[in-house]
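Visitor: Below are the structure tokens for one structure; questions will follow.
The values are calculated or read from the model by the stated rules, or taken from the named source; none is laboratory data. On a predicted model such as this, the values are computed, not experimentally measured, just so you know. Cβ coordinates were reconstructed from backbone atoms using ideal geometry, including for glycine residues, and neighbour counts include every protein chain displayed. These accessible areas exclude ligands, DNA and RNA; they are computed on the full protein's heavy atoms, side chains included. Shrake-Rupley method; radii C 1.70, N 1.55, O 1.52, S 1.80 Å.
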Amino acid sequence: MCIRDREVGDAAVEEEAFDPLDCVEAVDVLAKLPKDWFETCASASKWTEKKEQIDAVAQLADVPKIEHGDYLELVKVLDKFVTDGNINVATAALQAVTKLAAGLKIGFLPYVKVVLQHILDRFKEKKSTAIAAVNGACDAMILPSTLTEAHEILEACWKHKVAQVRAGALAWTSRLVLKTPKNNILKIAKPIAAAMSAPLADKDPAVRTAAVAVFGALVANLGDKPFNEILFKMDSKIKSKVEEFAAANKTAAPAPAPAAAPPANSTASTTPKKGEVMSFEPDPSGKPKRSPPARFAKKAEPMSFDMTDEQPASPPKGEAMTFDMDDDKPKKRSPPARFQQQNNTQATDCLLYTSPSPRDS
């Protein structure tokens with residue numbers, strides 16, 4: 001590889017790895033919080049007062065990038081508000097967690113276990129705005145290692161006594177599996193697949209559908225080979241649904257690279273094969289072609305035929321006329337003159353000699 005090609009390749013890698021957020025200045029949410037924020041939250045008794053303090057955090061965290069720091073105490077306070085009996089307070093806390101997780105990104109991973117259990121418990125709510133807030137908070141916490149961190153909590157929620165919580169936790173698990181790199185899911189893939197046996201047989205249809213999505217996500221991510229034993233024992237109808245989900249969510253294969261153009265000095269496209277006639281028709285793409293070699297471009301002279309009825313020339317004196325009836329064979333050369341004269345003399349002697357008659361004897 002030449003130096004220029006290596007430089008171009010490095011530039012392409014840098015362009016792919018470029019993150020626009022690298023140009024964005026991170027916001028220090030902790031530094032901008034009021035100094036008495038924690039005390040005010042602890043002493044708040046009315047739901048409006050609680051929501052006011054939560055909204056203040058949500059407003060500060062509503063930025064593309066948050067500077068990393070120790071957010072443990074703040075996350076614990078928000079987790080307490082998630083469990084509040086007032087749905088408005090709980091919804092506001094879920095929205096604040098969503099913005100904080102979205103801004104911190106990988107920096108929020110240590111706090112996933114702090115709030116996840118209580119967030120998933122909120123799937124029991126019937127209000128659509130609350131369910132939307134739960135899903136938003138869960139999706140904001142999706143990171144490459146979230147599944148490993150949350151596996152134990154999720155496994156407990158798959159067996160929750162409330163069907164809505166089971167279905168919601170399973171549905172989020174399927175989305176989490178689809179967005180988790182293969183290397184981070186290999187060790188826990190089979191335990192997750194084995195744990196789906198109970199939800200797949202659940203009496204609640206929403207739970208069964210969500211369990212199919214989890215198993216289908218595993219197949220879409222890793223293929224069906226690691227799960228052949230479980231798939232073999234699975235009901236045919238459920239298996240078909242799993243395969244259908246996996247096919248619909250499987251990552252598309254990369255388009256094949258275009259074929260490399262032949263080198264300029266290549267004769268593969270111009271030299272005809274044995275038995276083929278070279279053609280110099282114009283290229284439909286409009287690209288000019290090289291002129292054909294002179295030996296091909298030269299026109300062959302037309303073949304002429306002499307149609308006159310001229311008689312063949314007579315042989316020289318002393319030579320016998322020969323007729324060659326085999327036109328396919330090449331004509332033989334006449335023998336040298338000395339042999340022709342000898343043959344003629346012998347023929348003449350034979351003609352002149354006569355046998356004596358009985359009378360002469």
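Visitor: State yes or no: is LEU100 under 24 Å from GLU39 (Cα atoms) and open to solvent by less than 20 Å² (accessible area, probe 1.4 Å)? Explain how you work it out, then say what you get.
Guide: Details: under 24 Å from GLU39 (Cα atoms): yes; open to solvent by less than 20 Å² (accessible area, probe 1.4 Å): yes.
Taking the combined requirement at face value, the residue satisfies it.
Visitor: Please specify each residue of region 58-105 satisfying the condition of being β-branched (Val, Ile, Thr) and free of Cβ contacts under 8 Å to residues at least 40 places away in the same chain.
Guide: Within region 58-105, VAL77, THR83 meet the criteria.
Visitor: Say whether the condition of being more than 27 Å from LEU170 (Cβ to Cβ) and either buried (at least 16 other Cβ atoms within 10 Å of the Cβ) or of a type outside the set (Lys, Arg) (or both) is met by at least one residue in region 106-113.
Guide: Yes, region 106-113 contains at least one residue that is more than 27 Å from LEU170 (Cβ to Cβ) and either buried (at least 16 other Cβ atoms within 10 Å of the Cβ) or of a type outside the set (Lys, Arg) (or both).
Visitor: I'd like to check something: does region 70-88 contain any residue that is acidic (Asp, Glu), surrounded by 15 or more Cβ atoms within 10 Å (Cβ to Cβ) and at pLDDT 95 or above?
Guide: Yes - at least one qualifying residue is present in region 70-88.
Visitor: Also, quick follow-up: Please pick out the residue among LYS51, LYS65 that is at pLDDT below 95 and either touching a Gly at 6+ places or on another chain (Cβ under 9 Å) or of a type outside the set (Asp, Glu) (or both).
Guide: Step by step, each of LYS51, LYS65 is checked, and only LYS65 is at pLDDT below 95 and either touching a Gly at 6+ places or on another chain (Cβ under 9 Å) or of a type outside the set (Asp, Glu) (or both).
Visitor: Tell me which residues, restricted to region 127-156, are among the hydrophobic types (A, V, I, L, M, F, W, C) and free of Cβ contacts under 8 Å to residues at least 40 places away in the same chain.
Guide: Those that are among the hydrophobic types (A, V, I, L, M, F, W, C) and free of Cβ contacts under 8 Å to residues at least 40 places away in the same chain: ILE131, ALA132, CYS138, ILE142, LEU143, ALA150, LEU154, ALA156.
Visitor: Confirm whether LEU178 is in contact (Cβ under 8 Å) with a residue 12 or more places away in the chain, open to solvent by 60 Å² or more (accessible area, probe 1.4 Å) and aliphatic (A, V, I, L, M).
Guide: It is true that LEU178 is in contact (Cβ under 8 Å) with a residue 12 or more places away in the chain, open to solvent by 60 Å² or more (accessible area, probe 1.4 Å) and aliphatic (A, V, I, L, M).
Visitor: From the list PHE108, PHE123, pick out the single residue that is in contact with a Gly (Cβ under 7 Å, 6 or more places away or on another chain) and assigned to a helix (DSSP H, G or I).
Guide: PHE123
Visitor: Okay, moving on. What about ASP202, is it acidic (Asp, Glu), out of contact with any Ser or Thr (no Cβ under 7 Å at 6 or more places or on another chain), touching a residue at least 12 places away in the same chain (Cβ under 8 Å) and open to solvent by less than 50 Å² (accessible area, probe 1.4 Å)?
Guide: Yes.
Visitor: Something else now. Might you check whether a residue that is at pLDDT 95 or above, farther than 14 Å from ALA211 by Cβ and of a type in the set (A, V, I, L, M) occurs anywhere in region 156-164?
Guide: Yes.
Visitor: Right, ALA163: more than 13 Å from ALA90 (Cβ to Cβ) and surrounded by fewer than 17 Cβ atoms within 10 Å (Cβ to Cβ) or not?
Guide: On the way: more than 13 Å from ALA90 (Cβ to Cβ): yes; surrounded by fewer than 17 Cβ atoms within 10 Å (Cβ to Cβ): yes.
Against the criterion (more than 13 Å from ALA90 (Cβ to Cβ) and surrounded by fewer than 17 Cβ atoms within 10 Å (Cβ to Cβ)), ALA163 qualifies.
Visitor: Does ALA171 fit the bill of being in contact (Cβ under 8 Å) with a residue 12 or more places away in the chain, among the aliphatic types (A, V, I, L, M) and either surrounded by fewer than 21 Cβ atoms within 10 Å (Cβ to Cβ) or over 22 Å from VAL89 (Cβ atoms) (or both)?
Guide: Criteria met by ALA171.
Visitor: So is VAL112 under 30 Å from LYS161 (Cα atoms) and in contact (Cβ under 8 Å) with a residue 40 or more places away in the chain or not?
Guide: For VAL112, the condition - under 30 Å from LYS161 (Cα atoms) and in contact (Cβ under 8 Å) with a residue 40 or more places away in the chain - is not met.
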